[in-house]
Structure formats: structure tokens, C-alpha cells
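To keep things clear, I will list the structure first and then write my remarks on it.
The values are calculated or read from the model by the stated rules, or taken from the named source; none is laboratory data. These figures come from a predicted structure and were not determined experimentally. Here Cβ is always computed from backbone atoms with ideal geometry, including for glycine, and neighbour counts include all displayed protein chains. Surface accessibility is based on the protein's heavy atoms, side chains included, excluding ligands, DNA and RNA. Shrake-Rupley method; radii C 1.70, N 1.55, O 1.52, S 1.80 Å.
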Amino acid sequence: MSFPFDVFLSYARADYTFAVWLARSLEQGGFRVWLDEERILSGDNLKESLVRGLESAQHAVFVVTDAWLERMWTGWELESFIQDRGAGRRLVPILQIPRDVKRIGPYLFALRPVEWLEDDPEPAEARLWDLRCSLLGDVDSLGPRLEWARKWREISGEPGPALPAKIPAQATARALPTLDRGVAGESLTIDRQAQWGQLTTAAARPAHQAIFVLGPQRRGHEFFLERVERCLPKDPPRAIYTVRWDQLKPPNAKGLFFSALARAFGRPVERLAATLRAQVANQNLVLLHRPVCEKDFEDEAFLSYYTSWLPELIAEVDRAPRLNGRVGAIKVVQGIAWCPSVPVQRGLAWLGRRIGVSSSWVEESLQQASAAAALSLIRREAERRRGEGLPWLPAVCLEELPEITRGDVLEWSDFLPPGERERFVDKVMLGARDSEQILTRIREWLRWEET
């Protein structure tokens, strides 16, 4: 199959200056580069244009920075190229941030990247030669590292464009056109990198797990679960279902829990084990559960769901004969939310409980401790059952969802022109009471901009 372009270049708008320089340098080395700003006209459908670009290029280069990781389009470009990647099509990441699996995800971590950090002591030509040989799959020409820069100069002819000065991504963004806001905003990655890295790492492991998303109420649990549904990497392959309970709180019996699981697949509860078995035949299965709060995490039925009922159901799935050697894992993602309280408030509530004060204020102030106790019980019970040879489900607790600040919104909106960016941040933050309200306002703004 012939391709009109050699390389599709994926980058974040904040890294535009470097991307243009890289495209010109690769072209001087003999590559035909597909760059969005030179191949997409105003008024064109962005998604359709990117699909054509991905299909028209034999290889793909991904300029991986923090800005790249935070943008939904760039993640979509990576997943699309992976899905359509055939023989002879090479995927090469240029890593401009530390190679940390929690930061870049398991798929990119498993690839040998062109590491091009800000303090790289070697000349840019050395990195370009590494990139050239990686794209061509030409390991024989790579040669000793000390010769890379010279080899690039020999094949590129005239001196290439000067490497752009290293300037902050936000300053670069001020000179750029406005990015499509609907796409940039859908991932809603504001100050959630640590939790997202932990979740994607856990979700890629070949083992059943219960993954708990923690934080005070109104920290945006639902938005985080939506991001899992929309943006969780497709490598390894996975299917995602949302489990909805009849009431806003967890069921109070085993049968009701399992009925909700069966409804998520549209199958009868009598076929639940068989349904799960079919789902994990060649992929992971992710089951999203909305957050529980107001001490529902202390409910005996809820605790039994994670300590015995789910583990026993999964064990039944695993005991069945397997038609092939590929069996996925079940990942249960559960939100846990408690009433927000400050340390002084919790201290007074704890003292009040010790002297016999009983009030809703005391109970609400101590919910964080109650949530921690419930999760500790789930973990201890899992270890006990494991030691006794009983079905058990490992529990993974993500770091607590942090409060979103003005600085977080300002950093996230670096794709906007300076005047519009400040107005946007002011509008989002004015009178905002909590993270959930901030995220809701961003969502409303994105929808308004897209109409």
C-alpha cells in the first residue's frame, strides 16, 4: 500500500512552535509530513480531516508533553492509529517529559521513545537521526550514539531551521489560534493527572481489582468516572459498562446488587456469570459504579458486595472452562464521597463523640474517618480470604481528588488567546463554591461554544 505522506505529526497546541520546527526538519531529511494546520481548511470537519490524515500517512510521530497528555484529540489520534496500525506502519513517541508509567500510561511506557527532554545535552541533530532510523526501522544505520548528529547533517544537506527557544507552553499558546474547545474540554483533566495515572496503570494490569475513587463530596467524582468511560486507553482492549442502582444508595441485598449488574448488560440475572465470562473472553471488563456517600460505605450489604459477593461471582467466572488462552480481568471502579470537613472540625467532632454527643454534625464531620475505616476493612477482609484460600478481590485506592483552584483552571485553559483566557477563568471562578461547580461551568461553556 502506498501513502501520500510518510509521517503524521501529533502534538498539542501549546507545543506548536516545536512541532512546526520538527516538521520542517523532517522534510529536510526527506520525509513528507502531514501537519494539521497545512492540511485542514477553515470550515472543514476536524474529526473527518484527522481521520484522512491518519489514513494518508504511513507512520506517526507523537510529541508527548504534559499538554499532549491533557488533550482529548491527541489521545484519540493515538488510539486511532493503534487500531488501524498494519504491517510496516511505525509509531514513534518523542518524549519531552520523564518516562513515568503513571504519567504517560502503560502503552507509551512500553515503547522505546526518542527521549528529548528540555535539558538534553546532545544536539538536536542527534535526536533527529534517532527519529529517522526509528521511522524507517533502520537499526543497521543507527550506529554509535556519538555519530548520530554527524549522520543527520550528512543526509539533510543544507543547515536546517534553528531549534526554537524553549519557552513556557502557556506563553507559546498565547500566539496560537483557539483550539476546538469541545474536544479539549471533554477529557476534563484539571489537576487529576495523579489519579488518572494511577487508574490507567491499575486498569492495564492483568488481574481483577476494585478501584476506589476517593474524595469529599462535590469534588467531581462523576466527572472523573465520565472520563474513565470516554477516555480510558483501549490498549489493553476493554469494554466499559455503567452499573446503575434503583435508588441513589446501594442495594441492601445480594440479589439486588446482582440484578443491577445484569441490567447493565441487558441480560437476565440467571445468566450473569455466563455474561461476565463472555465479556472477559478477550478483553478487560470495566464496571463503573456511581459514588456512595452519607455513610453508605459503612452499610453491611455494601461491604459484603466487595468482600464476598463480587469475589465469589468472579471466582465462578474463572472456574469455567476457557475456549482460548486469552482471558481479561474485571475492574470495578467505585466512587467514595464523604461530607467535607477541616481537621479542626473533625477533632471537635471526635471529642464530641467521646463525651457522648450525638448529632448529625458530629457524624458528618467524621465521615472521612468512617470511609477510611470501611476501605481498611475491605482490604483486611480481602487479605484474610486470600490467606484462607477463599475468593478475594484486591482493592486499589486512588489518591484523594484535590480541590480545583483558579491556577488549575488557568493552566488548563492555555489553548485560549490571552484576553479570552482571562475572561473565561473569571467567569468560571466567580462565586464558584466547589470543584463540581467549576467543572459544571466549564461543561456549560463548552456546550455553548459548540452551538
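Just one residue in the set Phe18, Phe5 is buried (at least 18 other Cβ atoms within 10 Å of the Cβ), in contact (Cβ under 8 Å) with a residue 60 or more places away in the chain and not polar (S, T, N, Q); that residue is Phe18.
Gly53 falls short on exactly one of the conditions (1) touching a helix residue (DSSP H, G or I) at 6+ places or on another chain (Cβ under 7 Å); (2) surrounded by fewer than 20 Cβ atoms within 10 Å (Cβ to Cβ), and that condition is (2). Checked against (1) within 21 Å of Thr405 (Cα to Cα); (2) open to solvent by less than 40 Å² (accessible area, probe 1.4 Å); (3) modelled with pLDDT of 90 or more; (4) under 17 Å from the mean Cα position of the chain (by Cα), Arg227 passes all but a single condition, namely (3). Inspection of the stretch 85-93 identifies no residue that is farther than 30 Å from Arg153 by Cβ, modelled with pLDDT under 90 and part of a helix (DSSP H, G or I). Number of residues in the stretch 221-262 that are of a type in the set (D, E, K, R), farther than 22 Å from Ala301 by Cα and not in a helix (DSSP H, G or I) equals 3. When only residues in the stretch 5-60 that are at pLDDT 90 or above and in a loop (DSSP other than H, G, I, E, B) count, which is nearest to Leu135 (Cα to Cα)? Out of the qualifying residues, it is Phe31. Number of residues in the stretch 230-242 that are open to solvent by less than 50 Å² (accessible area, probe 1.4 Å), in contact with a Phe, Trp or Tyr (Cβ under 9 Å, 6 or more places away or on another chain) and over 15 Å from Leu78 (Cβ atoms) equals 0. In the stretch 73-85, the residues that are among the charged types (D, E, K, R) form Cβ pairs under 6 Å with partners that are open to solvent by less than 50 Å² (accessible area, probe 1.4 Å), at six or more places apart or across chains, as follows: Glu77/Ser10. Would you call Arg103 crowded, with 18+ Cβ neighbours inside 10 Å and among the charged types (D, E, K, R)? Spelling it out, Arg103 is indeed crowded, with 18+ Cβ neighbours inside 10 Å and among the charged types (D, E, K, R). Checking the stated criteria, Thr74 turns out not to satisfy the condition of being open to solvent by 50 Å² or more (accessible area, probe 1.4 Å) and hydroxyl-bearing (Ser, Thr, Tyr).
Looking at Ala12, Ala67, Ala57, just one residue is of a type in the set (A, V, I, L, M), farther than 30 Å from Asp408 by Cβ and in contact (Cβ under 8 Å) with a residue 24 or more places away in the chain, and that residue is Ala57.
Scan the stretch 22-49 and report the pairs whose first residue is among the small types (Gly, Ala, Ser) and whose second residue is at pLDDT 90 or above and part of a loop (DSSP other than H, G, I, E, B), with Cβ atoms within less than 7 Å and a gap of 6+ or a chain change. That search, which allows pairs on different chains as well, returns Ala23/Leu35. When the helices (runs of 4 or more DSSP H) confined to the stretch 270-350 are screened for residues that are more than 16 Å from Ile378 (Cβ to Cβ) and modelled with pLDDT under 95, those reaching at least 1 such residues are found at 272-279, 310-319.
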